[in-house]
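*Asks:* Below is one structure. I have some questions about it.
The values are calculated or read from the model by the stated rules, or taken from the named source; none is laboratory data. Keep in mind that this is a model prediction, so the values were computed, not measured. Please note: Cβ atoms are built from the backbone with ideal geometry, for glycine as well, and neighbour counts cover all protein chains shown.
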Amino acid sequence: MKRMHSMPFGAELLDAERARFRLWAPSASRVELALVSPRWPVYFPMQGLDDGWHETAAPAGPGTLYRYRIDGALEVPDPASRCNPGDVHGPSMVVDPRAYEWTDGDWRGRPWEETVLYELHVGAFTPEGTFAAAIARLDHLAALGVTAVELMPLADFPGARNWGYDGVLPFAPDGAYGPPEDLKRLVAAAHARGLMVFLDVVYNHFGPEGNYLHAYARPFFTGSRHTPWGAALNFDGAHARTVRDFFIHNALYWLEEYHLDGLRLDAVHAIADDSAPDILTELAARVRAGPGRDRRVHLVLENDDNAARYLDGTGQSRDRYNAQWNDDLHHAFHLLLTGETDGYYADFEREPARHLGRALAEGYAYQGERSAYRDGVARGEPSVELPPTAFVSFLQNHDQVGNRALGERLVRLADERALRAAVTAWLLAPSPPLLFMGEEFGAATPFLFFCDFGPDLAAAVTEGRRREFARFARFARAGAQAALPDPNAPETFAASKLDWESVAKPANASWLACYRRLLELRRGYIVPLLAGAGPRAGRYAACGAGAATVNWALGRGSRLEIRLNLSNKAISVAPPSAWLLHCEPAEAAPAFAAGQLPGYAAACYLEPARS
């Protein structure tokens, strides 16, 4: 089976020896195609078309290297390059997508309710850091009980290592991980094991190095709006149609040409768009009407605005998203586990158990309330009408670990008893969970912020990182700041790689057994009831400073209850009325049955579906 997504830009083969090249360059007077050869480049003039388009056909088969020359001077890669083997400053390569023979023709995806995500960074997931090496770990993930691999961004970035959020060529998988064919083999191998594959995509900015669009397509950006990373993308001004199409085609390209099962859109609160429909709504509609017609395709947002209007919890609606990453739930859990109140955790310092209970039961903890961290601005929209499946829950992810100064994981920060109780409540609650690579075996390796920029930018990033943490008491002294890992140092990246040999150690094996058991219970008892969970399914009660009880009405008249205490003091509540599914630790079961919430403990009760 062959797969290809046709696009109105980039290089597309006409036959085995010729290709069409198309570039949008409204700020250029003249554009030429440069075919790279061992001796010297061969230039072909490109015909200027309406609205800033330039096009030509040339003798170029698969593997041909090419660039575009702007106004007789600057040579740039193709912004829609399918492959850039020489990194972001080098030439692009003509690719024949139909050369790869797919073996997963019967794959139609999995229902959203079955989703258990596993977020990984390809470069740090294995010692080799490649697509091919990741295939060898898929059996581990399938045995663990996850159902979906979520890859951090793959768009070609500058240098040999990066989280992926500094990508500048959104259609080209970064060559550090292997050729495009290896990514396709990874997807097919995952499908063969029943695993979905999601990709994290960045539609709010381009990275700071290797983005040449400013030189020949200035309308790609708007000068009146800015993001934390520079000028905002132009989704609603003059020439916005082309910009919107660029990113919509990118989404369709990954879903069709690489047969992915879902996308996670990074930080959409940084997208400025006053049009109707806005880019998020239009993109979802195009996906649902395209690849989503014939198979299950899932769309997930990261949105600090807590905008409930984009979500439906199922993906069945015409132009909405399955779910959003639930940062509120993470923040409440993290504060209770670690006691940290810096930064955005300050919004959860008062009544953390209430925030935790509300986030478990209703999705957002902030549904329009004012955020002190955001200078009193109201944050969020009511989410109680959404089902619990509209929120992806997590205790750790790349941001919440990697944006720490030293990249520590929760096993380094929290009491193990409290952490095991939190993991129990989190994995047995209805919302689809997301695991961060290695947490299932209690990985002690950090996940640090790493990159590989050119010298000038590298120095600025290192200094900026030190300034960022200087406001924390722990790093207030200049000497302490100097001890922060240098993001550009190769050893910072090397330290972030998972240590798979540690899995066999008793403490790590115990964590792995815990995760496997909880995911087995989730799959067998909870997942079958999730499709029937509707709006207002959850109810919660805060019980003291660190404890809460949460109930959900699920499908076929069933009811799920989580009882959780992350403090060290026992609390009295009414005895449970359903049967015990699981208790952590096991010896706390009698106390729970007697109406106690023992310290550092969690229990899950289930009232089964009516026959």
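*Asks:* Please enumerate the residues belonging to the range 419-444 that are in a loop (DSSP other than H, G, I, E, B) and either within 14 Å of residue 120 (Cα to Cα) or touching a Pro at 6+ places or on another chain (Cβ under 6 Å) (or both).
*Replies:* 430, 431, 437, 438, 443
*Asks:* Looking only at the range 294-339, filter to residues that are charged (D, E, K, R), at pLDDT 95 or above and under 23 Å from residue 107 (Cβ atoms); which one of those is surrounded by the fewest Cβ atoms within 10 Å (Cβ to Cβ)?
*Replies:* 295
*Asks:* Here is a check on your reading of the model: is residue 411 touching a Gly at 6+ places or on another chain (Cβ under 7 Å) and under 22 Å from residue 300 (Cα atoms)?
*Replies:* no
*Asks:* If you don't mind, there's one more thing I want to ask. For residue 392, indicate whether it is in contact with a strand residue (DSSP E or B) (Cβ under 7 Å, 6 or more places away or on another chain) and either in contact (Cβ under 8 Å) with a residue 24 or more places away in the chain or buried (at least 18 other Cβ atoms within 10 Å of the Cβ) (or both).
*Replies:* When the stated conditions are applied, residue 392 passes them.
*Asks:* Residue 365 fails exactly one of the following numbered conditions: (1) in a helix (DSSP H, G or I); (2) under 28 Å from residue 120 (Cα atoms); (3) small (Gly, Ala, Ser). What is the number of that condition?
*Replies:* (1)
*Asks:* Wholly within the range 209-276, which strands (runs of 3 or more DSSP E) include no fewer than the required count, namely at least 3 residues that are free of Cβ contacts under 8 Å to residues at least 24 places away in the same chain, more than 29 Å from residue 295 (Cβ to Cβ) and in the same structural domain as residue 162 (by TED's automatic domain parsing)?
*Replies:* Correct list: 221-227.
*Asks:* Moving on to the next point. Report, by residue number, each residue of the range 467-524 that is among the acidic types (Asp, Glu), at pLDDT 95 or above and in a helix (DSSP H, G or I).
*Replies:* Across the range 467-524, the qualifying residues are 491, 501, 520.
*Asks:* Still on this structure, I have one more. Look through the range 24-37, keep the residues that are closer than 17 Å to residue 11 by Cα and in contact (Cβ under 8 Å) with a residue 60 or more places away in the chain, and return whichever of them is surrounded by the fewest Cβ atoms within 10 Å (Cβ to Cβ).
*Replies:* 25
*Asks:* Still on this structure, I have one more. Could you list all residues from the range 39-85 that are free of Cβ contacts under 8 Å to residues at least 60 places away in the same chain, in a loop (DSSP other than H, G, I, E, B) and surrounded by 15 or more Cβ atoms within 10 Å (Cβ to Cβ)?
*Replies:* 41, 46, 60, 62, 64
*Asks:* For residue 385, indicate whether it is out of contact with any Lys or Arg (no Cβ under 8 Å at 6 or more places or on another chain) and either in a loop (DSSP other than H, G, I, E, B) or under 30 Å from residue 491 (Cβ atoms) (or both).
*Replies:* Criteria not met by residue 385.
*Asks:* For the range 340-388, how many residues are among the β-branched types (Val, Ile, Thr) and buried (at least 24 other Cβ atoms within 10 Å of the Cβ)?
*Replies:* 0
*Asks:* So residue 141 fits all but one of (1) among the hydrophobic types (A, V, I, L, M, F, W, C); (2) over 19 Å from the mean Cα position of the chain (by Cα); (3) closer than 18 Å to residue 188 by Cα; what number is the exception?
*Replies:* Unmet condition: (2).
*Asks:* Still on this structure, I have one more. Name the pairs whose Cβ atoms lie under 7 Å apart, with the first residue in the range 538-551 and more than 17 Å from residue 383 (Cα to Cα), the second in a strand (DSSP E or B) and basic (Lys, Arg), and 6 or more positions between them or separate chains?
*Replies:* 549/563
*Asks:* So in the range 130-152, with the set limited to residues that are of a type in the set (A, V, I, L, M, F, W, C) and either assigned to a strand (DSSP E or B) or at pLDDT below 95 (or both), which one is nearest to residue 107 (Cα to Cα)?
*Replies:* In this case the residue turns out to be 148.
*Asks:* Quick check on my filter: what residues within the range 305-324 are touching a Leu at 6+ places or on another chain (Cβ under 7 Å) and outside any loop (DSSP other than H, G, I, E, B)?
*Replies:* If the condition is that a residue be touching a Leu at 6+ places or on another chain (Cβ under 7 Å) and outside any loop (DSSP other than H, G, I, E, B), then 308, 310, 311, 321, 323, 324 are the ones that fit.
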